[in-house]
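Colleague: Got a structure for you, written out below as structure tokens; questions coming shortly.
The values are calculated or read from the model by the stated rules, or taken from the named source; none is laboratory data. What you see is a predicted model, and the numbers here were worked out from it, not measured in a lab. Cβ atoms come from the backbone with ideal geometry, glycine included; neighbour counts cover every protein chain shown. Each accessible area value is taken on the protein alone, full model and side chains, heavy atoms only, with ligands, DNA and RNA left out. Shrake-Rupley method; radii C 1.70, N 1.55, O 1.52, S 1.80 Å.
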Amino acid sequence: MVYQQAPTDADKSNPDNEKLQGNADFKGPGANRGCTDIICALLLIACWFAMTVIGLIVTGVVENEKLPAGDPARLINGMDYNGNICGVSNVRNDMNVSIKDLSKAYYLPSGAPVCIAKCPT
């Protein structure tokens, strides 16, 4: 371990080790400060309010004919190449299996997604 040594007389007389002194009229760095972030705070609040209103409209809490309510299942479930939501849509696929029973989406090498029961290992 390295311990700090006590200052010697030579260190005390070195001009680099003297305490800094400001001018007599210097009042510190905070004397001329003011609030400069009011515009940013107002913009942040406006964006937050707008996104909250859009979120309430899209989820269907507030009705609006120009922006219909969405389907949150599209965000958390996969979707096959026909646009059917895996685990939600009540349609049958080409093998006559209900997509409602297939909760995962698997992407084929061609890039087309299909609904499957569980992820392949």
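Colleague: When residues of segment 25-60 are filtered for being open to solvent by 70 Å² or more (accessible area, probe 1.4 Å), modelled with pLDDT under 85 and either among the hydrophobic types (A, V, I, L, M, F, W, C) or under 23 Å from residue 85 (Cβ atoms) (or both), how many remain?
Modeller: Here the count works out to 3.
Colleague: Being hydrophobic (A, V, I, L, M, F, W, C) and touching a residue at least 24 places away in the same chain (Cβ under 8 Å): is that true of residue 79 here?
Modeller: Answer is yes for this residue.
Colleague: Could you list, in sequence order, the residues of segment 92-113 that are in a loop (DSSP other than H, G, I, E, B) and surrounded by fewer than 13 Cβ atoms within 10 Å (Cβ to Cβ)?
Modeller: Hits for segment 92-113 are 94, 95, 96, 108, 109, 110, 111, 112.
Colleague: Among the residues in segment 62-82, are any touching a Leu at 6+ places or on another chain (Cβ under 7 Å) and either within 30 Å of residue 116 (Cα to Cα) or not in a helix (DSSP H, G or I) (or both)?
Modeller: yes
Colleague: Select, from 60, 83, the only residue that is small (Gly, Ala, Ser) and closer than 22 Å to residue 120 by Cα.
Modeller: Exactly one residue qualifies, and that residue is 83.
Colleague: Could I ask something else about it? Taking segment 34-61, which residues are closer than 30 Å to residue 112 by Cα and part of a loop (DSSP other than H, G, I, E, B)?
Modeller: 59
Here's the yes/no breakdown for (1) farther than 30 Å from residue 105 by Cα; (2) of a type in the set (A, V, I, L, M):
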position: 30; (1), (2): yes, no
position: 34; (1), (2): yes, no
position: 39; (1), (2): yes, yes
position: 42; (1), (2): yes, yes
position: 47; (1), (2): yes, no
position: 50; (1), (2): yes, yes
position: 57; (1), (2): no, yes
position: 73; (1), (2): no, yes
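Colleague: When the residues of segment 75-91 are filtered to those that are touching a helix residue (DSSP H, G or I) at 6+ places or on another chain (Cβ under 8 Å) and open to solvent by 50 Å² or more (accessible area, probe 1.4 Å), which remaining residue is modelled with the highest pLDDT?
Modeller: Only one residue tops the list, namely 88.
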